[in-house]
Amino acid sequence: FPVTINQPCGGSEGMRLTSTGLGIGTSNPLMALEVRGAQTVSGDSRRIIFAVDTSTSAQNVGAGIAFAGRINAGGTVGTLGSVAGLKENAVDGDQKGYLSFVLNSGTGTQTERMRLNSSGNLGIGVPPSANAGINTLSVAGQGGGFAALTMGGNATQSGYVGYNMGTTSTSDTW
């Protein structure tokens, strides 16, 4: 049953399909898809897989990976979440990107739950803050409600960084 493809790899095996899965860079894949190879390094980026969206350049265009699984006893497959690297703006030639984390809300609707933008700002439940020159973490409650960031909590203690409810801003002590 193994299928081997040798071209265009100079006559050496490039990938193999077995009863276990598809191996790229390996003749004995351990899972449905296994990719092995030396990483390509570009600045701080380390990668082995290169996914490309061939759509026309525009804001929010890019490549992603979806994660799915069986969602009922009948075997129906549903998307549970995805991660995508997308273009941050529509400026031609600008390579600023963001990383988007999307989850299924339980009704089949895919909703972005977290975004890391090109400035290093992270938004959880809300787009990252655009405060110039300041790396920020923005957290919002569902539907604009209460949001908390708990740090170092355990059974007897917890800490809050702070919260903002309308025009009143307060912080709890540690």
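The values are calculated or read from the model by the stated rules, or taken from the named source; none is laboratory data. Small disclaimer: the values here were computed from a predicted structure and weren't measured. Reconstructed Cβ throughout: ideal geometry from the backbone, glycine too, with neighbour counts over all protein chains shown. In case anyone asks, the SASA skips ligands and DNA or RNA and just uses the protein heavy atoms, side chains included. Shrake-Rupley method; radii C 1.70, N 1.55, O 1.52, S 1.80 Å.
In region 89-105, which residues are without any contact (Cβ under 8 Å) to a residue 12 or more places away in the chain and either touching a His at 6+ places or on another chain (Cβ under 8 Å) or within 13 Å of THR79 (Cβ to Cβ) (or both)?
If we filter region 89-105 for residues that are without any contact (Cβ under 8 Å) to a residue 12 or more places away in the chain, which is where we start, we get 91, 93-95, 105.
Scanning region 89-105 gives a single hit, SER105.
Tell me the residue from SER57, SER82 that is under 24 Å from LEU99 (Cβ atoms), in contact with a strand residue (DSSP E or B) (Cβ under 6 Å, 6 or more places away or on another chain), touching a residue at least 24 places away in the same chain (Cβ under 8 Å) and of a type in the set (Gly, Ala, Ser), please.
SER82 is the lone residue from the list that is under 24 Å from LEU99 (Cβ atoms), in contact with a strand residue (DSSP E or B) (Cβ under 6 Å, 6 or more places away or on another chain), touching a residue at least 24 places away in the same chain (Cβ under 8 Å) and of a type in the set (Gly, Ala, Ser).
Taking GLY108 as the residue in question, decide whether it is in contact (Cβ under 8 Å) with a residue 24 or more places away in the chain, part of a strand (DSSP E or B) and more than 17 Å from the chain's Cα centre (by Cα). Outline the logic, then answer.
Values: in contact (Cβ under 8 Å) with a residue 24 or more places away in the chain: yes; part of a strand (DSSP E or B): no; more than 17 Å from the chain's Cα centre (by Cα): yes.
In short, no.
Whether any residue in region 95-103 is open to solvent by less than 70 Å² (accessible area, probe 1.4 Å), modelled with pLDDT under 90 and polar (S, T, N, Q) is what I want to check.
Of the residues in region 95-103, the ones open to solvent by less than 70 Å² (accessible area, probe 1.4 Å) are 97-102.
Okay, now just the ones that are also modelled with pLDDT under 90, so none.
Checked region 95-103: no residue is open to solvent by less than 70 Å² (accessible area, probe 1.4 Å), modelled with pLDDT under 90 and polar (S, T, N, Q).
Name the single residue, out of those in region 16-71 being among the basic types (Lys, Arg) and assigned to a strand (DSSP E or B), that is most open to solvent (accessible area, probe 1.4 Å).
First pass over region 16-71, keeping only residues among the basic types (Lys, Arg): 16, 36, 46-47, 70.
From the residues that got through so far, the ones that are assigned to a strand (DSSP E or B) too are 16, 46-47, 70.
Details: ARG16: 64, ARG46: 127, ARG47: 85, ARG70: 194 Å².
The extreme case among them is ARG70.
Suppose the filter is assigned to a loop (DSSP other than H, G, I, E, B), out of contact with any strand residue (DSSP E or B) (no Cβ under 9 Å at 6 or more places or on another chain) and within 21 Å of SER118 (Cα to Cα); does ASN89 pass it? Give the steps one after another, and end with the answer.
Numbers: assigned to a loop (DSSP other than H, G, I, E, B): yes; out of contact with any strand residue (DSSP E or B) (no Cβ under 9 Å at 6 or more places or on another chain): yes; within 21 Å of SER118 (Cα to Cα): yes.
Judged against the criteria, ASN89 is a match.
Please count how many residues of region 40-75 are touching a Ser or Thr at 6+ places or on another chain (Cβ under 7 Å) and under 17 Å from ASP94 (Cβ atoms).
Residues meeting the conditions: 1.
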